[in-house]
Amino acid sequence: MTSDAVALSERRQGKFGDKYFAGRPQQVLLRNWLTFKSSAWIAVVSGFFEPVLYLLSFGYGIGELVGNISTSTGNISYAAYIAPGLLATSAMNGAMIDSTWNVFFKLNESRLYKAMLATSLGPLDVALGEIAWALMRGGLYATAFTLVLAGLGLVTSWWALLAVPAAIIVAFGFASFGMAITSYMKSHHQMNFFEIFLLPMFLFSGAFYPLTVFPGWAQAIIKALPLGQGIELVTKAMAGDFGIHLLVNVTYFIVMICVGLYFTTKRLNALFMR
Amino acid sequence: MTEPLIRARGLTKTYGDFIAVDGIDFDVAKGESFGFLGPNGAGKSTTMRIIGATSVRTSGTLTILGKDPEVNGPQIRAHLGVVPQQDNLDSELTVSENIFIYGRYFGLSSSFINKKIPELLEFAQLEEKKYTKVEALSGGMKRRLTIARSLVSEPDILMLDEPTTGLDPQARHILWDRLFRLKEQGVTLLITTHYMDEAEQLCDRLIVMDKGKIMAEDSPAKLIKDYSTKEVLEVRFGSERNQEMVEILRPLAQRIEVLPDRILLYAEDGEQLLEQIAAKGIHPNTSLVRRSSLEDVFLRLTGRTLVE
Amino acid sequence: MMSTKIRKVSKYGSFHVAEARIRNMLKWRGIILFEAVVNPTLYLVSIGIGVGSLIDANNGVNGVSYLTFLAPALLASAAIQGSADEVIFPVMEGFKWNRTFFGMRSTTLTAQQISLGVFLAAMARAMFSIVIYWIVLYLFGALESDTAWLAMPAALLAGAAMGAVMLALAAKIENENFFFTLVGRFVMIPMFLFSGTFYPLTQMPTYLQFFGWISPLWHATELGRYLTYDYPLSGLQLSIHIGVLAIMIVAGLFLSTRIFAKRLEK
């Protein structure tokens, strides 16, 4: 007599990537849902407030000192100017928390992945499940934030709805990249790397002021960094500004996603197949 | 003879220059309770991980249920229940959620798992704790839950790495009792331990490992018979005098082992040996006669104690 | 050999605890120094000059450059962040992760000395961050008046007030699961954003100004502005700002001593 578990795993045998993928990332998602239901919702829901607080404080407080900003699409309020940047930033932050600190904990402290990979689940199931979770969280934040923007009258066209898919693409890129790097981290002190990288990227991203205050070479660097790309993507999508630029932004993130997934799977496999 | 469940030939695992497992051979039959006894670092856990298809061997051959873990990792893992040395329960979930989600990792249906849960909770004596978060459980309860969790997929082979390390004596006995029941149900058990009493209690057959090699292989009783005497007399003279007494005592016993705190004298009849010593006017500070154990086998084979 | 030395309870127990904490911090001196230098530089360049260029081009604020306006707030904020970090993590570690406080308690150290020692070490760390930050501000030319150096003790007051309150709060928390996230999102970030840090508090609606009144950052920022440029404060305002910070320090330390004693002696 063979058990269901054996029958299931034998059904996948010989299929492409069967050593790395059991076709069940949704079970990893289910696990996160169970923890979310019982208590993690506090942390998840609280994450929504972060960009809203920034919007209120900066948009209205600094907005009063700054006045209107002239952009390529006309003169807009400071709050409307920073909104897409804050959305992209919060998509990045949400995805990074899930895919870096949370993953580090599950990898090294709670040994959760070890337990998962002792079953017939494969490393790609784990990677995809965790990233999908980060995306759902990112998507939730993006939707809520867009609603807040609409409520505050900062949304001018229906294109703003595109903010949600744009933010999800940004979150996907950061989540898979972040998880890949985290899987190589050995001590939580190395995790400070993320902060050292993220803080300047955030401060100089152009979320708070036009990049034109910087010299040309600095602008080029900022625009080439992931958050710069993310802000550009969200800003353009929300403005309904489709062009070759948008395609470049999207391609940039697709590359990030693929590279991240590849290294995460490879590293998890190496870690648990020593 | 039927094909063994697990067959290893020349199984080797190296990490750089370090040889963790050094060309070992063994067979495990279906329904058998098979032990790996040895001190920390003997290569037991590495061997277990290779069998569990979570570590890739360097050389040699290994088949589990006729399959090679290097080729059919997921298929082999579907047959196994794994209880690691350190519990890796999901601390954010409750007791029953832990079993549920673990079953889901194997792809089992919710209805199947939900039918299994009461049965497994009863087995682990955790019915009362069904809705308790794992964090709040005692060490013994966590270990029983880890075992219950590993049984959700109805594995053919249950692998236990140091199952009772860190548990108090009472919790150990409860756990041994549970493992006996599994054995009665025909589950093949693979157990690593550095406790000789555990190996004697649980294993039908075991291999004694040291530095990646197999030193001996047999049933616990046969190993004791082959490598030790029936009884052992332990004497202490205090740390200053142990050395000088060794030469006087050596001719009296079949074999003698000197440990930092005591001298072990091997004989068929310990009481009789103690009388002989007393007759010579030698009076140890303390003396104790006991039956030989696997500890003595290990000492004989390696010149070292299991727990150092 | 039995020692015949007479053992007595040290009067300086809290300094021994602080020493142990500081030795621990020194292991991470590279990261601490890096953060202390890089953080202010990044903030000043990005917000001070980036956002500042927009504001100064408009009407400016308080009649000084935006950088000058922002400087004391960032200084006090760095003090608060540094002392909060050095209080929260050691307390979690001491009570739960490594249970080091219980080890200390089994020596002649008292609960009061342990809590005070952690606090003192956090103050040392805050002072270090403040001095570095101040130097960076000076180099950026953000400090205008002769009394600008007094902004350092003012910032330390803010660090002490936050440190003392956090010491009590962290000691009270037995299950830290979401503590860090919640403190970050519902205490640290709102405080940073709504304490008159980036624009005068009075610019917010009155009901939001309440945030500022209970925020150590606002009180210290007002003091700092008074000390670093020509920002008028009456004698009464000065004493209120100092008084509120002092009350926070005393109340926080008083409470944390009691909570430490309760947890270590139960």
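Here are some notes:
- Approximate spin-label separation B:LYS222-A:LEU147, in nm, with each point projected 7 Å along Cα-to-Cβ: 7.1 nm
- Reachable lysines, given that their alpha-carbon falls under 19 Å from the alpha-carbon of A:LYS236 and they are not under 8 places away in the same chain: A:LYS223
- Efficiency of FRET between C:ARG29 and C:LYS172 - r from beta-carbon atoms, R0 45 angstrom, step 0.05: 0.90
- Rounded to 0.05, the FRET efficiency of the A:SER70 and A:TRP33 pair, given R0 = 45 Å and the Cβ-Cβ distance, is 0.45.
- Ellipticity at 222 nm from helices only: DSSP H runs of n ≥ 4 in chain B, each -39500 (n - 2.57), divided by the residue count, give -10000 deg cm²/dmol.
- Mean-position separation - Cα centroids, the stretch A:66-90 and the stretch B:180-202, in angstrom: 68 Å
- Taking the average, over residues, of other Cβ atoms within 10 Å as the packing measure, peptides A:101-111, C:23-33 rank A:101-111, C:23-33 from highest down.
- Here is the list for the stretch A:179-257: trypsin sites (Lys or Arg not before Pro) lying in DSSP coil, each with at most 10 other C-beta atoms within 10 angstrom of its C-beta, are A:LYS186.
- Backbone HN-Hα couplings from phi across the stretch C:127-136 [Karplus 6.51/-1.76/1.60, Hz, Gly and Pro as x]: 4, 4, 4, 4, 4, 4, 4, 4, 4, 4
- Footprinting exposure proxy for C:PHE34, C:PHE192, C:PHE260 (fewest neighbouring C-beta atoms within 10 Å first): C:PHE34, C:PHE192, C:PHE260
- Rounded, prolate or oblate (a/c below 1.5 giving rounded, otherwise prolate when a/b exceeds b/c) for the stretch A:158-234 by Cα gyration tensor: oblate
- The stretch C:105-132 and the stretch A:183-216 have Cα centres separated by 31 Å.
- Cα-derived Rg over Rh, computed across the stretch B:6-219 with Rh taken as Kirkwood radius: 0.96
- On Cα atoms only, tilt of B:270-279 relative to the major axis of chain B in degrees: 30 degrees
- Sequentially through the stretch C:17-27, phi angles give Karplus couplings (6.51, -1.76, 1.60; θ = phi - 60°) of 5, 4, 4, 4, 5, 5, 4, 4, 4, 4, 4 Hz, Gly and Pro residues having no value and appearing as x.
- Residue-count net charge about C:GLY94 - beta-carbon cut-off 10 Å; Lys, Arg +1, Asp, Glu -1: +4
- Legend: ranking of residues B:CYS203, A:CYS258 from fewest to most surrounding C-beta atoms inside 10 Å; resulting order A:CYS258, B:CYS203.
- Between B:LYS67 and any residue 5 or more places off or on another chain, the built amide H atoms are never under 5 Å apart.
- Within-11-Å neighbourhood charge of B:GLU32 [Cβ basis; K, R +1; D, E -1]: +1
- Cut-off under 5 Å, modelled amide H: who pairs with B:ASP210 long-range: B:MET215
- With respect to chain A, whose longest principal axis is taken over its alpha-carbon atoms, helix A:78-96 is tilted by about 10°.
- Whole-Hz couplings from phi, Karplus 6.51/-1.76/1.60, listed for the stretch C:213-229; x for Gly and Pro: 4, 9, 9, x, 4, 5, 4, 5, 5, 4, 4, x, 5, 4, 7, 9, 8
- The calculated pair-distance distribution of the stretch B:229-291 uses every alpha carbon pair, bins of 5 angstrom beginning at 0, and gives 4, 20, 35, 28, 11, 1 percent.
- Taking the C-alpha atoms only, the angle from helix A:163-182 to the longest principal axis of chain A is near 50 degrees.
- Quarter of the Cα convex hull surface for the protein assembly as shown, i.e. its orientation-mean projected area (nm²): 44.6 nm²
- Prolate/oblate/rounded call for the stretch A:1-72, Cα gyration tensor, a/c under 1.5 rounded: oblate
- Computed log10 I(q)/I(0) for the stretch A:43-272 at 0.08, 0.13 Å⁻¹: -0.30, -0.76, from the Debye equation with unit scatterers placed on every C-alpha and solvent omitted.
- Of the trypsin sites (Lys or Arg not before Pro) found in the stretch C:71-138, those that fall in a DSSP loop while having at most 16 other beta-carbon atoms within 10 Å are C:ARG99.
- Given charges at Cβ of Lys, Arg, Asp, Glu: the stretch B:149-308 dipole, positive-most of B:PRO251, B:THR164, B:LEU264: B:PRO251
- The chymotrypsin sites (Phe, Trp or Tyr not before Pro) found in the stretch A:137-219 that occupy coil by DSSP, while having at most 12 further C-beta atoms within 10 Å, are A:TYR184.
- Averaged over the residues of peptide C:42-52, the number of Cβ atoms from other protein chains lying within 10 Å of each residue's Cβ is 5.
- Max mean-square fluctuation residue, GNM over chain A, Cα-Cα springs under 10 Å, options A:GLY94, A:GLY243, A:GLY206: A:GLY243
- Fewest-first ranking of B:TYR15, C:TYR207, using other Cβ atoms within 10 Å as the exposure measure: C:TYR207, B:TYR15
- Mean-square fluctuations from a GNM of chain A, with a 10 angstrom spring cutoff on Cα atoms, peak among A:ARG12, A:ARG24, A:ARG137 at A:ARG12.
- Contour minus Cα-Cα distance for C:THR202 and C:ALA57 (0.36 nm per residue): 50.1 nm
- With only the Cα atoms considered, the stretch C:144-226 has a convex hull volume of 96 Å³ per residue.
- Summary of the geometry: the stretch B:248-263 and the stretch B:93-168, compared by the centres of their Cα atoms, lie 47 Å apart.
- The residues neighbouring C:ALA122, those whose beta-carbon lies less than 12 Å from its own, together hold a net charge of 0 under the Lys/Arg +1, Asp/Glu -1 convention.
- For the peptide B:103-115, the mean number of other protein chain Cβ atoms found within 10 angstrom of a residue's Cβ is 5.
Read-outs throughout are calculated quantities, based only on the coordinates presented, and are distinct from any laboratory measurement. Note that the structure is a prediction, hence the values are computed from the model and not measured. Glycine also receives a Cβ, built like all others from the backbone with ideal geometry; neighbour counts cover every protein chain displayed.
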